[in-house]
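Quick one: structure below, then a few questions.
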Amino acid sequence: MKAAVYRRFGGPEVVRLDDVPRPTPGRDDVLIKVHASTLSTADQRSRSRNVPRGLAIPAALTTIGVFRPRRRVLGMDVAGVVEAVGVDVTRFAPGDEVIAMLGARFGGHAEFAVLPQDGAITAKPRNLTFEEAVTLVFGGITARGFLNQVDLRPGATVLVNGASGAVGTAAVQLAKQAGAHVTGVCSGGNAELVTSLGADRVIDYTTDDFTVEATTYDVIIDCVGNAPFERVQHLVAPGGALLLVVSDLRAILRTPWRSRKSGKFVTASVGKYRAEDLAYLVDLAESGRYQAVCERTYDLSDIAEAHSFVDAGRKKGNVVLRLAASARA
């Protein structure tokens, strides 16, 4: 099968289209013919080894690889059609249209991907194309995983730092669906997008520093990595929460201590990727309450160009990879 493969770390040019063995599903696995995937910041960090401070060694030993890539095919999410199933699979059948989060196993930037039937996989939204549907996965399940850890009641105040990225656009929408008053932090050029997703207020970080304001929030979601506890603790209301989607090793190790000392919940863990969270996103999308956000779509053959665009660090929402002509259907 065709796949976007990288055999060494480096810039966008290290990723090339190549032939690799097609995965074989085990007894409990689902084999998906991939129609679309996204190219996320997580893919970019894995390819370049540009990870937050202190995480280079842990990431190398657990997911990325030490001297060469541990997973040569990137891609943390897929939308496609079930091609085959293992003998013990009961939840899915060939022909089912699905979306799935592969997570650290990667493998989405290929014509076929495999994962267990009890993984984060669910039926694709019936009203979305494959290219649209895949935008729900990486950002949506990440935002949902973090927000699941707080009691987000109607009227709560939420600030999303990095509101125009894949996770940020999802977090704005999910917080708004919960009845929260949402403030988004992004560049002025992305303010219209973030407002259209439900933000009640937008702060342009290029002209205003949200950390110097007197306003407090019940929940702050940092999708950028520049709002550690030390910088924003005064903005978190008593009993509130700081959700660190991006953080360095020091911040991760200190979250339990920060929570105990401050009485404010601080976490850098997304928790487990769950099929029920994807199903929740699908329900929102099918009822018109969740908007797919895609700035650009590339064919798999243009993978290096797609990586170059993500490297610039200014993408809005998701960058989609198209792997099959039927993704346009």
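In the list 90, 142, 122, which residue meets the criterion of being touching a residue at least 24 places away in the same chain (Cβ under 8 Å) and either in a loop (DSSP other than H, G, I, E, B) or hydrophobic (A, V, I, L, M, F, W, C) (or both)?
On the way: 142 fails: either in a loop (DSSP other than H, G, I, E, B) or hydrophobic (A, V, I, L, M, F, W, C) (or both); 122 fails: either in a loop (DSSP other than H, G, I, E, B) or hydrophobic (A, V, I, L, M, F, W, C) (or both).
Just one listed residue meets the conditions, 90.
Let me ask you something else. For residue 127, only one of the following conditions fails: (1) buried (at least 18 other Cβ atoms within 10 Å of the Cβ); (2) closer than 26 Å to residue 168 by Cβ; (3) at pLDDT 95 or above. What is its number?
(1)
Still on this structure, I have one more. So which pairs qualify, if the first residue must be in region 218-244 and at positive phi, the second must be part of a loop (DSSP other than H, G, I, E, B), the Cβ gap must be under 7 Å, and the two must be at least 6 apart or on different chains?
As it stands, the answer is 225/52; 225/246; 225/247; 239/263; 239/264, since those pairs meet every condition given.
Okay, moving on. Scan region 57-75 and tell me whether some residue there is buried (at least 16 other Cβ atoms within 10 Å of the Cβ), part of a strand (DSSP E or B) and of a type outside the set (Phe, Trp, Tyr).
Within region 57-75, one or more residues are buried (at least 16 other Cβ atoms within 10 Å of the Cβ), part of a strand (DSSP E or B) and of a type outside the set (Phe, Trp, Tyr).
Quick grid of which residues meet (1) at pLDDT 95 or above; (2) over 23 Å from residue 227 (Cβ atoms); (3) among the small types (Gly, Ala, Ser):
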residue	(1), (2), (3)
96	yes, yes, no
135	yes, yes, no
139	yes, no, yes
143	yes, no, yes
149	yes, no, no
161	yes, no, no
164	yes, no, yes
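Which strands (runs of 3 or more DSSP E) sit wholly inside region 231-329 and have at least 2 residues that are closer than 24 Å to residue 76 by Cβ and of a type in the set (Phe, Trp, Tyr)? Before the answer, list the steps.
On the way: elements: 236-244, 265-267, 294-299, 318-322.
Passing ranges: none, list empty.
Another question, then. For region 147-173, what are the residues that are buried (at least 24 other Cβ atoms within 10 Å of the Cβ), among the β-branched types (Val, Ile, Thr) and more than 17 Å from residue 291 (Cβ to Cβ)?
Correct list: 158 only.
Take the residues in region 4-56 that are closer than 21 Å to residue 120 by Cβ and small (Gly, Ala, Ser), then tell me which one is surrounded by the most Cβ atoms within 10 Å (Cβ to Cβ).
This residue is 37.
Still on this structure: For residues that are surrounded by 19 or more Cβ atoms within 10 Å (Cβ to Cβ) and either among the charged types (D, E, K, R) or assigned to a strand (DSSP E or B) (or both), tally how many sit in region 99-110.
Final tally of qualifying residues: 4.
The values are calculated or read from the model by the stated rules, or taken from the named source; none is laboratory data. These numbers come from a predicted model, not from an experiment. For neighbour counting, all protein chains shown are included, and Cβ atoms are generated from backbone atoms with ideal geometry for every residue, glycine included.
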